[in-house]
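Notes follow once the structure below has been shown.
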Amino acid sequence: MALPARARRAAALGTAAFLALGLLGGCTPAGGPGSTSRTEHSPSDAADAIADLPGISSAEVSTSTEGTANQVLLQARVAADAGYAADPADLLDYVVRQVWSTTGRRPTSAVRVDLTIEGQDLDLEALAGAIGLPGTVDTRNRYDASVHLRVEDLVEAYGRWPGDVPSPPPSLTDTVS
């Protein structure tokens with residue numbers, strides 16, 4: 001049974017009014033009503049900031065799903081040259097802060113950081129502990145140079161996602177490798 005033209009027009013006007021109220025009500029993609037928008041900080045922006053540090057040979061930051069589509073994982077892969085002079089814990093902290101500040105898909109499961117320094121065996125669990133984060137490493141996979149950090153722990157340490165975009169600390173910029 002088709003609706004009369006007057007009823008169709010009323011339904012269309014009602015739908016348009018509903019959508020207009022939503023837009024005028026302050027809904028923003030950055031976080032909902034009342035939130036302040038912030039500059040986008042993409043994974044490639046974060047990777048570029050990390051790669052600009054002295055002694056870093058490569059940096060990648062990305063988002064993926066883990067298991068199901070609603071399990072979002074943020075990840076970083078960072079490699080430093082042999083003879084890297086800065087404190088690896090400071091580097092890990094900066095990398096995690098960069099990853100945590102990326103906008104786009106909100107992480108729901110974990111942040112994973114692959115961190116290698118050529119010629120060094122890093123204890124990533126100890127490094128995570130040194131920056132106040134409980135991290136886990138998959139000890140069954142000797143080829144996995146990553147530490148897994150729970151989203152809940154990152155919220156506690158760095159605040160709500162996305163965090164503020166960090167500036168590199170002098171300990172990472174004033175070293176010569």
Label-point separation in nm, Thr63 to Asp114, each point 7 Å along Cα→Cβ: 2.0
Contour excess over end-to-end distance, with Cα ends at Ala82 and Ser171 and 0.36 nm allotted per residue: 30.3 nm
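From the square roots a ≥ b ≥ c of the eigenvalues of the alpha-carbon gyration tensor of region 99-177, which class results: rounded (a/c under 1.5), prolate (a/b over b/c), or oblate? All intermediate terms of the calculation are to be shown ahead of the outcome.
On the way: a/c = 1.89, a/b = 1.13, b/c = 1.68.
Judged from the Cα gyration tensor, region 99-177 comes out oblate (a/c at least 1.5, b/c at or above a/b).
Provide the per residue accessible area, probe 1.4 Å, for region 60-142, rounded to a whole number of square angstrom. Please list the in-between numbers first.
Details: 3950 Å² over 83 residues.
Spelled out: the 1.4 Å probe surface of region 60-142, per residue, equals 48 Å².
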Could you work out how far apart the two model spin labels at Arg106 and Asp138 are, taking each label as a point 7 Å from the Cα in the direction of the beta carbon, and quote it in nm? 2.7
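The values are calculated or read from the model by the stated rules, or taken from the named source; none is laboratory data. This is a predicted model, so every value here is computed, not measured. Note that each Cβ is placed from the backbone with ideal geometry, even for glycine, and that neighbours are counted across all protein chains shown. Heads up: the accessible areas ignore ligands, DNA and RNA and are worked out on the full protein's heavy atoms, side chains in. Shrake-Rupley method; radii C 1.70, N 1.55, O 1.52, S 1.80 Å.
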